[in-house]
Every structure is written in structure tokens, then in C-alpha cells.
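To start, the structure under review is shown below, and the notes come after it.
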Amino acid sequence: MAIRNANGRAGVALAEGPEELWPVPGSGAAELPDWRSLYERERERAEAAEARAEELRWAEVRARCEAGSWKWRWEASRRKLKGVIAETRAARRAGRDALALQREVGRLHGLLREAGVDAGKRSTVMALRMEVARLRQAGWALEKALDARGAEIRELHKARIEADADILGLRRQLREMLEIHRELSKLRDQRYRVQALSEEVGALRHALTVSEGAKGRLKARLRRKVEAERARAPVATGVELRKALLRSRRQKATIGSLRREKARLGRRVRSARRRIGRLEDQLAKLRASRTVLPKGQSGGTCERQERPRSGRRRGQQPGAPGHGRTQRPGLEERTEEHHPPSDARVCRSCGSPYTANGAKESALVEIEVRAHRRVIRRPRWRRRCGCASSPAEVLALPVPRLFARTPYGTSVWARFLFERYACLRPLHRVCGWLSDQGLPISPGTLADSVHRFRPLFEPVGAAILAHQNGAALRHADETSWRVQALRERDGSGCAWLWTSVGSGAVYFHVDPSRSAEAARKLFDGAMSSTILVCDRYSGYKKLARVLGGRVTLSFCWAHLRRDFIRCAAGHVRLTGWCRKWLGRIATVYRLHRERLERYDPGLKRQAPAFDAAQEALEEALSGLFAAAGSQLARLPPEAAEGKPLRSLLNHREGLSVFLDRPRVPLDNNLAERLLRGPAIGRRLSFGSDSESGARFTALMYSVTGTLRLNGIDVPRWLDDWLAACARVGGRPPGDLSPWLPWSMDAGRRREMTAPA
């Protein structure tokens, strides 16, 4: 019987019989044994053992072959999902099925009995139990491996399902495009066929006309011939008449078939024309959905209408003056002298040295951005005399630090604030950038320092808002902002980032509410007769009522224009109607721009050119509102066109504010452009974690946005401001005028102006 050795490999153990081979001396055996019979018996046993060994050897070869085959099958099953699942289920069933194990044990006992081994021996039973335990452990390990492989396969299956879904979506889009292409091809083929059929119908009509003329001529000829033949020969006339009648019948049959063919072709032409009309409507609808929907509903990046190309080539035009080299007068110059080697400055023939003969200069622009450790050494000076009135030791004052017990200077904090709030980088990317410059800082260190900066910048934010309150024209807008701490309150974490723009300053404020009370925090201090350019959100309307007429709302024409685009999105029949209204709004924009070019704010009475532009603008605006009223009166209440027309008429007063105030813009694009940067920062950093962090983010957006709006170099301003705060003990300076763009003097403004 073949069993497994201790090393796990298959081996052969020959079972011995119960009888003894040799008689034991002193036993009761015969004194004269039969050596020949013993020899023959032992020879037979040896031959049987050799045959059994040969049989077992071939059994081992077959087992190894089967093992190799099963190994190959197992390797193949790893690449197939269904095979792995089937093998896993089979292994689990084999592990759970006790009856199968009992049958296997019975089979092993039968093999032992066949081999002559006593199955009741304890050592054999223990060996078999150990073998069964080892096999069970191997089965469990295989089951765990198969479970892990099954989990991996399930993950791959999920990924494959997602990829299949994406592929199905792409295939669906491809099928739609191919269907459109096939329909267009069919449309072109049908057009060509209609043209060919039209030509064929024309030819048939011409042939029919010719045949009708020939028929008339033949009838006249036939009558003349019949009359002549009747008068001449009655018998011959009958034969000729029959021949002429047969020809006439054939011609009538031909004419009938031509008429039927003409009717059939006419039906086909009408069917083709109807199909062409349906395909053209479908094509127009698809074009409308692919061009208008992304702009009107999906938030396209541009809402401009297509314009004809001017034919001008891109780039610099022939004969036009070039830009030239960019002048950089503010760059620091570092002069370097590079001398040739000393042996090259000596004559090779006589050995006399060369004489200096001027210099050849060239310039390279370099940038050095690298963190360094600033070691400050302050020598101490001890008194040598015995005078008690003087201090015993003196040394220089320490370098001012922005925060106590911190190793970082003001340039590090200024760079952190610039990268975080001006460049809109997330916190971990700022730490990565500082690490690239040789200064590794953990994100927790920078995040924990945010609350220290709030008292330093709050006076600047208050000064920005106070400066805006004195402006006669302001812009307002809002966008969503994510605050993770608000999830515990309402579950959504959604807040709102409000902005106010006016008089060269921008101010941001984060509030959990979108109500008029949140807007009042920005515009409560507005001066009387302030014009607020905004959209038609109801919160601004309530704000105007709460402030008691101090604020006049001027509604944005760009939002009104979007209403018409959204209304016509996906509707073919409204495409022309939408383009007409967009043309009317474009005319208002053009006339307002022409009026503004002729406007001089320093004159009490404007020039006649301005009066003419003003009259043209008033006429166009009154015509626009009149057209809206007339169209709305003819439309049913449930018509889709009624919503933008009704909004246009309901907000007529706010949309006409610019008519009497030429400096008021038609849209709120200034506030929307300034909100674009914070919106990008929100998308990159997923908003703010806490409400205090959100308020500080809005404060820093206000400071950096105001500086950029006035052309101030933000890194230089932050470095100078933080250095001034460090000089007064980590507090903001009392006088803010040297740092506010509208109060600093001309020399300091030139110093702080950002390079072009």
C-alpha cells in the first residue's frame, strides 16, 4: 500500500505477513527444516512483492500525471470565474460532508485490509488520524485561499460590472451617433432618390404629353384614313381598322401603365417628403438638445452665441509691431565676474601678461526659492567698570516673533497664507510645497495656527466692509459652501458664502442661512440710495424692504437671458423664438455700451451724441417690454414661454434702473467672477471643517481679493503686514492706513504694486 511519509511525499511500505520467515532457535519447530520449500515460498513472496512494487510504482506515475493534470486545471481555473466558484463550492461541500469523509475512511480501511495491515493498531490509526487532520487543515487553508480569491474575484466582478456599465453608456451614445449618422445617410440617399424620381416623373410627364399628342395625331390620321378607305374599299378598310384598333388598345394600355407608375411614384415622393420632414425635425431636436442643453441646463462655461469667423489669421499679423522684450526694472541685480584662467591671460610666445580691455556683459534671470534657517547671534557685552548706575551686561534686542515659542518667521506664515488662500491650495498640498522647499511642516501645525491669525486680520476685514458701506454702487451674490461641523446640526453641512463688491473692495461672509438676515450682515450699514446689482433671489427683495428703501435693486440681465435659454432647451419649436429674444437683449447691451462711450461723468449736461444714444436705448427697451406683453397675452397659461416673459414683466422696474444711471452695469458678472476663485477653493479642499475656520477663510478671501482687485502684490503685503504685527507684540497695528489700498500714499502703493 502506498502511504505518505512524514515529509508529505508518497512512499511504499510493504506489509509483512503474520508468519515468521525463520524458525526461532529453541522453539517447537522441526529440527530439519525444508530449505527448498522455504526458498520457494520466500521466492514467491519476493516476486509478489516486486510485482506489487511495480504496480505501486506505475500507480505513483499515474498519480503524478493526474496531479500534474489537476495542477494545470487548477491554474486554468484561477483565470475563470465560474470554475473558481465551482471549485470553491465543491471544496466547501467536501469539507462539510461528514459522510464523504466516512466513506473515505472506509475506503482506506479496505485498502489496509487488502495490504494485510492491521487497521486496529493504535499507531496506524493515529497516523491516519494525523493524516486526516492534516488533510482537513489543508482543506481549510485551501478554503480560506479560495474565499480570499473569491473576494478578489467579486471585487474584480464589481469593477467589471462598473466598466461594463460605462461601456454600455458609451456604446449607447455611439449607437445614438451611429443612428443619427445612418439617418443622415438615409436622408441624403432619399434626397438623391427624390431628385432622381422627380427627374423620372418629369421625363414620364414629357413622355405622356408626347404620347397624348401622338395619340391625337393618330386618331385624326385614323379618322381620315377610315373615311378615305370607306369611300374606296369597304373590305380593306375593315382590316386596316382592326389593325389601327389594336395599335390604339396597346397605346391605351401603355398610357394606363404610365399613369399607374406615375401615381405610384407620386406616392413614394410624398412618403419620402414626409419622412424627410420627420428626420429634419428629429435632427433639429437633437441639435437643439446638444447645443442648448449644455449651455442652459448643464452650466456651460460660455453662453455666447456662435458668430461668423472674421477670416483673420491667428497670431501676430504681418507688418504689425512686435511686443518686444518684457522690461523688468524692479529685479535685483547681482553682478558676477568670470575671469579666464591665469595661464590663458599670458602670451604663449613671450610670456608677457595680457592687459584688461573692458568686459562683455550678458544677463540671465534666475529665481531662488529655498527655505533656510536664520541663526541670530547676539553678543553680550559686560561692564568693566564698577559703576552701579549702568547695567552689568548689555545685548541687542531679540528679533520680533509673530507667535511666542515658535521657530517660524513671518515669511513662513506669509507664504502659508498666500498659498492657502490666494493660490487656493489645500492644506496638504501647501505642506507638500513647503517640504519641496526644504521645510517639512505637518498639516496639524498649520491648521492649529489658524485661530492665531484671526485677531490679526479682523480689523482689516472690518475696514474693507466699512469702506464698502460708503459706496453708491455694490454687487451681491452667493454660492454654497460646505462646513463639516454643520452635519451634526442639520445633516447636510451646507452653508452659504455671501459676497459684496463695491468701491474697489470685495468682502465675503459665510453663514449657515440663505435668508435676508444673512444678507443684512453685509448691507446693513449701506448708505442711503445705494444701488445693489444682484439676481432676482427673493432674499434681496426682502432685504430692500427691511432696509426701508436705502437700497435700490438692479436686477441682472444675464440671469434673465439664461431664462430664455433654459426655456428653449430641447424644444425645437422654441429655438427661433429664443434666438429672437437673445437678439433683443444683445441689442440692449450694444446700445448701453454705445451710450456709455459717449457719457462724461464730469459734465452736468451731456453732449447731443449721448442724448441720441439715450433715446435709442429707451426706444429699444420700451419695444422689448411691449413685445413681451403682447406675446404673453396671446399665450395660454400653461405655455413654457410664459415663465421668462412673465419674469421679464414682473421685474421691469429693477431691470430698468440702468436707464437713468449710466454707470450701473447690466449684469452681475463682476461678483460672479470674484466668486469663481472661492468656488474653486471649495472644490479643492471640500469646504471647511468648522464654522470658525469657515469665517476665517471668508476673511482671508476678502483680504486677498481686495488686494488683487487693486493690483497689490499679495505676498509682499502679507509679509509686510505680519512683520508689522510682530513688531507690536503679535497684535495688529493701530493705524491701518499704510496697508489699505485706498488710504496708502503713492510711494508706498508703487512699492506694494504687483509686478506686471
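The values are calculated or read from the model by the stated rules, or taken from the named source; none is laboratory data. Note that the structure is a prediction, hence the values are computed from the model and not measured. Every residue, glycine among them, receives a Cβ derived from its backbone with ideal geometry; neighbour counts consider all protein chains shown. Calculation scope for accessible area: heavy atoms of the full protein, side chains included, ligands and nucleic acids excluded. Shrake-Rupley method; radii C 1.70, N 1.55, O 1.52, S 1.80 Å.
A few comments on the model shown:
- Any chance residue 526 is touching a strand residue (DSSP E or B) at 6+ places or on another chain (Cβ under 7 Å), more than 26 Å from residue 626 (Cβ to Cβ) and at pLDDT below 90: yes
- Condition met for residue 268 (surrounded by 13 or more Cβ atoms within 10 Å (Cβ to Cβ) and either touching a strand residue (DSSP E or B) at 6+ places or on another chain (Cβ under 7 Å) or modelled with pLDDT of 85 or more (or both)): yes
Table: residues versus (1) open to solvent by less than 90 Å² (accessible area, probe 1.4 Å); (2) closer than 30 Å to residue 273 by Cβ; (3) at pLDDT 75 or above.
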position: 192; (1), (2), (3): no, yes, no
position: 201; (1), (2), (3): yes, yes, no
position: 208; (1), (2), (3): yes, yes, yes
position: 223; (1), (2), (3): no, no, yes
position: 230; (1), (2), (3): no, no, no
position: 237; (1), (2), (3): yes, no, no
position: 245; (1), (2), (3): yes, no, yes
position: 251; (1), (2), (3): yes, no, yes
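- Of the set (1) farther than 21 Å from residue 411 by Cα; (2) open to solvent by less than 30 Å² (accessible area, probe 1.4 Å), all apply to residue 707 but (1).
- Residue 417 being within 18 Å of residue 692 (Cβ to Cβ), touching a residue at least 60 places away in the same chain (Cβ under 8 Å), in contact with a helix residue (DSSP H, G or I) (Cβ under 9 Å, 6 or more places away or on another chain) and surrounded by 16 or more Cβ atoms within 10 Å (Cβ to Cβ): yes
- Residue within the range 427-438 that is open to solvent by less than 50 Å² (accessible area, probe 1.4 Å), modelled with pLDDT under 90, at positive phi and of a type outside the set (Asp, Glu) present: yes
- Residue 588, sole failed condition from (1) over 24 Å from residue 669 (Cβ atoms); (2) open to solvent by less than 50 Å² (accessible area, probe 1.4 Å): (1)
- Counting the residues of the range 651-683 that are in a helix (DSSP H, G or I), in contact (Cβ under 8 Å) with a residue 12 or more places away in the chain and farther than 26 Å from residue 422 by Cβ gives 6.
- Only one of the numbered conditions (1) of a type in the set (A, V, I, L, M, F, W, C); (2) part of a loop (DSSP other than H, G, I, E, B); (3) without any contact (Cβ under 8 Å) to a residue 24 or more places away in the chain is not met by residue 724, and that is (2).
- Set side by side, the residues 279, 258 differ, and just one is modelled with pLDDT of 70 or more, touching an Asp or Glu at 6+ places or on another chain (Cβ under 8 Å), within 30 Å of residue 205 (Cβ to Cβ) and surrounded by 11 or more Cβ atoms within 10 Å (Cβ to Cβ), which is 279.
Residues checked against (1) in contact with a helix residue (DSSP H, G or I) (Cβ under 6 Å, 6 or more places away or on another chain); (2) among the hydroxyl-bearing types (Ser, Thr, Tyr):
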{"position": "496", "(1), (2)": "no, no"}
{"position": "502", "(1), (2)": "yes, no"}
{"position": "524", "(1), (2)": "no, no"}
{"position": "534", "(1), (2)": "yes, no"}
{"position": "545", "(1), (2)": "no, no"}
{"position": "548", "(1), (2)": "no, no"}
{"position": "554", "(1), (2)": "yes, yes"}
{"position": "557", "(1), (2)": "no, no"}
{"position": "567", "(1), (2)": "yes, no"}
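- Residue-level analysis places residue 616 among those that are in a helix (DSSP H, G or I), farther than 18 Å from residue 564 by Cβ, in contact (Cβ under 8 Å) with a residue 24 or more places away in the chain and among the hydrophobic types (A, V, I, L, M, F, W, C).
- The range 631-650, residues that are assigned to a loop (DSSP other than H, G, I, E, B) and open to solvent by less than 30 Å² (accessible area, probe 1.4 Å): 639, 641
- Across the range 509-537, the qualifying residues are those that are open to solvent by less than 40 Å² (accessible area, probe 1.4 Å) and of a type in the set (D, E, K, R), and the one among them that is nearest to residue 674 (Cα to Cα) is 535.
- Long-range neighbours under 6 Å by Cβ, at least six apart or interchain, first residue without any contact (Cβ under 8 Å) to a residue 40 or more places away in the chain within the range 333-359, second in a loop (DSSP other than H, G, I, E, B): 345/354
- Yes/no for residue 344 being of a type in the set (A, V, I, L, M), over 30 Å from residue 435 (Cα atoms) and not in a loop (DSSP other than H, G, I, E, B): yes
- Long-range neighbours under 6 Å by Cβ, at least six apart or interchain, first residue part of a loop (DSSP other than H, G, I, E, B) within the range 432-448, second acidic (Asp, Glu): none
- For residue 461, the requirement of being on the phi > 0 side of the Ramachandran plot and touching a residue at least 40 places away in the same chain (Cβ under 8 Å) is not met.
- Here 353, 391 are screened, and the one residue that is in contact with a helix residue (DSSP H, G or I) (Cβ under 7 Å, 6 or more places away or on another chain), open to solvent by 80 Å² or more (accessible area, probe 1.4 Å) and not aromatic (Phe, Trp, Tyr) is 353.
- Looking across 733, 715, one residue alone is farther than 30 Å from residue 592 by Cβ, in contact with a Phe, Trp or Tyr (Cβ under 9 Å, 6 or more places away or on another chain), surrounded by fewer than 19 Cβ atoms within 10 Å (Cβ to Cβ) and touching a residue at least 40 places away in the same chain (Cβ under 8 Å). It is 715.
- Any hit, the range 538-554, residues being open to solvent by 50 Å² or more (accessible area, probe 1.4 Å) and either among the aliphatic types (A, V, I, L, M) or touching a Cys at 6+ places or on another chain (Cβ under 6 Å) (or both): yes
- Selection status of residue 131, assigned to a helix (DSSP H, G or I), at pLDDT 70 or above and over 30 Å from residue 270 (Cα atoms): no
- Matching residues, the range 429-460, being farther than 19 Å from residue 697 by Cβ and over 32 Å from the mean Cα position of the chain (by Cα): 438, 439
- Any chance residue 532 is closer than 28 Å to residue 660 by Cα, modelled with pLDDT of 90 or more, in a strand (DSSP E or B) and in contact with a Lys or Arg (Cβ under 8 Å, 6 or more places away or on another chain): yes
- Filter result (free of Cβ contacts under 8 Å to residues at least 12 places away in the same chain and open to solvent by less than 60 Å² (accessible area, probe 1.4 Å)) within the range 601-611: 606, 607, 609
- For the range 450-476, a residue qualifies if it is of a type outside the set (A, V, I, L, M, F, W, C), open to solvent by less than 10 Å² (accessible area, probe 1.4 Å) and either in a strand (DSSP E or B) or within 26 Å of residue 403 (Cβ to Cβ) (or both), and the qualifying residues are 461, 474.
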